[in-house]
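**Student:** To start, I am sharing the structure in question, which I have written as C-alpha cells.
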Amino acid sequence: MKTKVNYKKYGTFPDMDTVKEIIIYGAKNGKDKKQFVFNNFNNEIETKTFNQSFYDTTGLGQYLYKIGLRGKKVAILSENSYYWLEAFYSIATGKMTAVPLDPKLTDEELTDIMVRSGCDGIYYTSDFKSAIDMMKSTDGVVISQYICLNDFDSLVAKGHEDLENGAFDYLTDDVRGDDLGFIVYTSGTTGRSKGVMLTQKNVASDGIATCRAMTASQAIAFLPFHHTLSWASALLASPLLIEWGYICKSLKDLPKDIKTYSPQNFTAVPMAVETIYKKIWFTAKKEGKEKKLKTGLKISNALMKVGIDVRRKLFKEVIDNLGGELEVIICGGAYLDVKYEKGLYDLGIQVINGYGATECSPTVTCNRLDNFKFGSAGKPLDCNEVKINNPDEDGVGEVYVRGSNVMIGYYNDPEATAETFDNGWYRTGDYGYFDKDGFLFFRGRKKNLIVLSNGKNVSPEELEDKFAAVDMVKEVLVYEEDGQITGEFYLDETVPDGEKQLRNYVRELNRKTPAFKQITKVKFRKTEFPKTTTLKILRNR
C-alpha cells in the first residue's frame, strides 16, 4: 500500500563504519540543539544539548581509559536513564566492548553473565547494590573496576581533568568497523541466553539503514535500552537525525509523559500498541462517544478511498489524548495483529512494523512510511539481503539473512555459532515468505513447530494469531501436550461466560481448519503467562 507522506525527507547522512563516527557526527551537527530531556538523580527535569551530551561522553570515555579499561569489556547495569545512555556512548566511542545487561534479571542471572562474559568493568546505579555485592563475592567474576553512575558528574570531571593534564585523548584512538563493540545477551524464550557478538560496523550499518528507512522527529524513549531495537530507534537515531527525545523514567509514567512531551513517534513492542488501541476504545465507550467514533471512521474511510485524508482533523480528540503530535509508532519484537495496525492507521497514527533479531543488530526488514502493507514485516533494509531457504509449495521457508549488520558469532560458543550459519547466511529460525511485491510475512518460529505423529508440522503462532483478534482473549499460547494441540488462554474476566464463549469460538474455528491443525484441548489460566523482559511469553514454562 502506498500513501502520500507529509514527513520530512528520509535521512541523507553519509555512510559510517562505526558507532563512534555516528556519535561524533551528531555532536558536530547538533551543537546547541536540544538532544535529551530526562529526570536526573534528584528527580528534577534536566535538558542536555548535543554539545553538553558529547562533553559528558568524552569525560566518561576518558575516565575509562584513565582507570585502565582500554581494550576491555565494560558492562552497563541500570534502568533506562540519561546516565545509561552516556555510559553506552562512552564505551562505544573508545576501543572497548559494551555489555548491556537486562536490569530485570535476578542477581544470580546477572552474576552468571558476568562470569561468562569475563567483563573487566561495570557501570551501575546504586539501586543494584545487591547484584554488585554478589558479583564482588562470586568466584569467576573478574571485574576490577566498579563504576557507580550516581557519581556521574564527578566521573565526567575526572576524565576532563585527565585530558587537561595532557593524557592520551581516547577520542583519537583508532576505533575500526571490525572491532568487537558489543556483546548482547539475548532474552531467549526457550533457553539460556547467548552472548551475541556485534562489531562496530554491524551496529552502525543497521542504525544508518534503519534511520534512512523510517526517519522521524521528537520521540519518547521507553523501550529498554539494553534491547538493540532501542539502539537503532533512539540511541543512534538521535545523533543521525539530529532530533531530541525524552527518556521515560518508568512505564507507569508513560501516559503522562506522552501528554507532556508530545512525541511525534516512539518505539514499542506489540503489547504496548495493543494497549493504546484498546484504551482509545475504552475511553470512547466510557465517555459515551463510541457511536460517534464509529461513524467518524465510516466517513473517514470512505473519503480515503477517493484520496481525501481528514483523519487527523476528524480524530483530533483521540490524537490530543496522545500528546497531539503522535504520527508514527515503530513496532517490533513480536507479532502484531493487523486489527491494531489498521485500527490505528484509520485514526491517523501509522504503525511501522519491522522484523529483526539481536543477531542482526537488530533490524532486517521494515515497512516504510510511503510503502507498506498491513500484516507484513516490510522490505529488507539496504544493509542486508534476505532469502527464503527451501520454500514449500506456498513459498514458506526459513528466513536467511546476510549483510553488514549480521553478528560475527556467539561469545565463547563456536558450536552454536557454526549451527547458526549456513554458507555465510544467518539462519534466523523464523519461517516466512515474500509476496509478489517483496514484502516479508512472518509465519512462526522453527523451534516452536508442533510435529505431529503423522509427520505434519503446525506453527503455533499461526493458530495464536487467530485468537489475538478476539477481544476477550488477553493472552494465548498454543503447544503440544499428550499428543494433542492445546490452546491455553488468559481471558478478560469481565466478559460474562467468557470461557463458554471461547470454547464455542474454538469449535467454530476448528470447523474451518484442516483436521491436523485443530485445537483439541482447551485450558484456562487466571494469571498472565510468565514473560521475558521484552514481554514475550516464555514457552518453556
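**Student:** Within the range 137-251, considering only helices (runs of 4 or more DSSP H) that don't extend past its boundaries, which have at least 1 residues that are among the charged types (D, E, K, R)?
**Tutor:** Counting at least 1 such residues, we get 152-164, 200-213.
**Student:** Looking at VAL156, VAL142, which one is buried (at least 21 other Cβ atoms within 10 Å of the Cβ) and either free of Cβ contacts under 8 Å to residues at least 40 places away in the same chain or among the β-branched types (Val, Ile, Thr) (or both)?
**Tutor:** After applying the criteria, what remains is VAL156.
**Student:** Against the condition closer than 16 Å to LYS521 by Cα and touching a strand residue (DSSP E or B) at 6+ places or on another chain (Cβ under 8 Å), how does GLU464 come out, does it pass?
**Tutor:** Yes, satisfied.
**Student:** On to the next question. Does any residue of the range 478-489 turn out to be modelled with pLDDT under 90, of a type in the set (A, V, I, L, M) and closer than 18 Å to ASP337 by Cα?
**Tutor:** Checked the range 478-489: no residue is modelled with pLDDT under 90, of a type in the set (A, V, I, L, M) and closer than 18 Å to ASP337 by Cα.
**Student:** Out of LYS474, LYS523, which single residue is open to solvent by 50 Å² or more (accessible area, probe 1.4 Å), assigned to a strand (DSSP E or B) and either hydrophobic (A, V, I, L, M, F, W, C) or under 30 Å from PRO224 (Cα atoms) (or both)?
**Tutor:** LYS474
**Student:** Write out, first by first residue and then by second, each pair whose Cβ atoms fall under 9 Å of each other, whose residues are 6+ apart or on separate chains, and whose first residue, in the range 515-540, is modelled with pLDDT under 85 while the second is acidic (Asp, Glu) and part of a loop (DSSP other than H, G, I, E, B).
**Tutor:** Here the result reads THR532/ASP102; THR533/ASP102; THR534/ASP102; ILE537/GLU528, each pair linking the range 515-540 to a residue that is acidic (Asp, Glu) and part of a loop (DSSP other than H, G, I, E, B).
**Student:** Out of the residues in the range 50-71 meeting the condition of being part of a loop (DSSP other than H, G, I, E, B) and in contact with a strand residue (DSSP E or B) (Cβ under 8 Å, 6 or more places away or on another chain), tell me which one is nearest to ALA92 (Cα to Cα).
**Tutor:** LEU69
**Student:** Just for the range 232-269: of the residues that are free of Cβ contacts under 8 Å to residues at least 60 places away in the same chain and hydrophobic (A, V, I, L, M, F, W, C), which one is surrounded by the fewest Cβ atoms within 10 Å (Cβ to Cβ)?
**Tutor:** It comes out as LEU251.
**Student:** I'm told LYS278 meets every condition in (1) free of Cβ contacts under 8 Å to residues at least 60 places away in the same chain; (2) buried (at least 17 other Cβ atoms within 10 Å of the Cβ); (3) within 31 Å of the chain's Cα centre (by Cα) except one. Can you identify the failing condition by its number?
**Tutor:** (2)
**Student:** If you go through the range 70-112 one residue at a time, how many are surrounded by 23 or more Cβ atoms within 10 Å (Cβ to Cβ) and either without any contact (Cβ under 8 Å) to a residue 24 or more places away in the chain or aliphatic (A, V, I, L, M) (or both)?
**Tutor:** Selection size over the range 70-112: 13.
**Student:** Condition test on LEU502, is it within 27 Å of GLY432 (Cα to Cα) and open to solvent by less than 40 Å² (accessible area, probe 1.4 Å)?
**Tutor:** Criteria not met by LEU502.
**Student:** Looking at (1) crowded, with 24+ Cβ neighbours inside 10 Å; (2) modelled with pLDDT of 95 or more, which is the only condition SER300 fails?
**Tutor:** SER300 satisfies all of (1) crowded, with 24+ Cβ neighbours inside 10 Å; (2) modelled with pLDDT of 95 or more except (1).
**Student:** Determine which single condition GLU493 fails, assuming it passes every other condition in (1) open to solvent by less than 50 Å² (accessible area, probe 1.4 Å); (2) outside any strand (DSSP E or B).
**Tutor:** All conditions pass for GLU493, except number (1).
**Student:** How many residues, within the range 416-445, are open to solvent by less than 20 Å² (accessible area, probe 1.4 Å) and in a strand (DSSP E or B)?
**Tutor:** Matching residues across the range 416-445 total 7.
**Student:** With a cut-off of at least 3 residues that are out of contact with any helix residue (DSSP H, G or I) (no Cβ under 7 Å at 6 or more places or on another chain) and open to solvent by less than 10 Å² (accessible area, probe 1.4 Å), name the strands (runs of 3 or more DSSP E) lying wholly within the range 306-412.
**Tutor:** Because the criterion is at least 3 residues that are out of contact with any helix residue (DSSP H, G or I) (no Cβ under 7 Å at 6 or more places or on another chain) and open to solvent by less than 10 Å² (accessible area, probe 1.4 Å), the strands (runs of 3 or more DSSP E) in the range 306-412 that meet it are 397-403.
**Student:** Answer with yes or no whether LEU60 is touching a residue at least 12 places away in the same chain (Cβ under 8 Å), open to solvent by less than 10 Å² (accessible area, probe 1.4 Å) and within 23 Å of the chain's Cα centre (by Cα).
**Tutor:** no
**Student:** Looking at (1) in a helix (DSSP H, G or I); (2) within 18 Å of GLY354 (Cβ to Cβ); (3) more than 22 Å from the chain's Cα centre (by Cα), which is the one condition that is false for LEU463?
**Tutor:** (2)
**Student:** Exactly one condition in (1) free of Cβ contacts under 8 Å to residues at least 40 places away in the same chain; (2) surrounded by fewer than 20 Cβ atoms within 10 Å (Cβ to Cβ); (3) in a helix (DSSP H, G or I) is false for THR47; which is it?
**Tutor:** It fails just one condition, (3).
The values are calculated or read from the model by the stated rules, or taken from the named source; none is laboratory data. From a predicted model like this one, the values you see are computed outputs, not experimental measurements. Here Cβ is always computed from backbone atoms with ideal geometry, including for glycine, and neighbour counts include all displayed protein chains. For accessibility, only protein heavy atoms count, side chains too; no ligands or nucleic acids. Shrake-Rupley method; radii C 1.70, N 1.55, O 1.52, S 1.80 Å.
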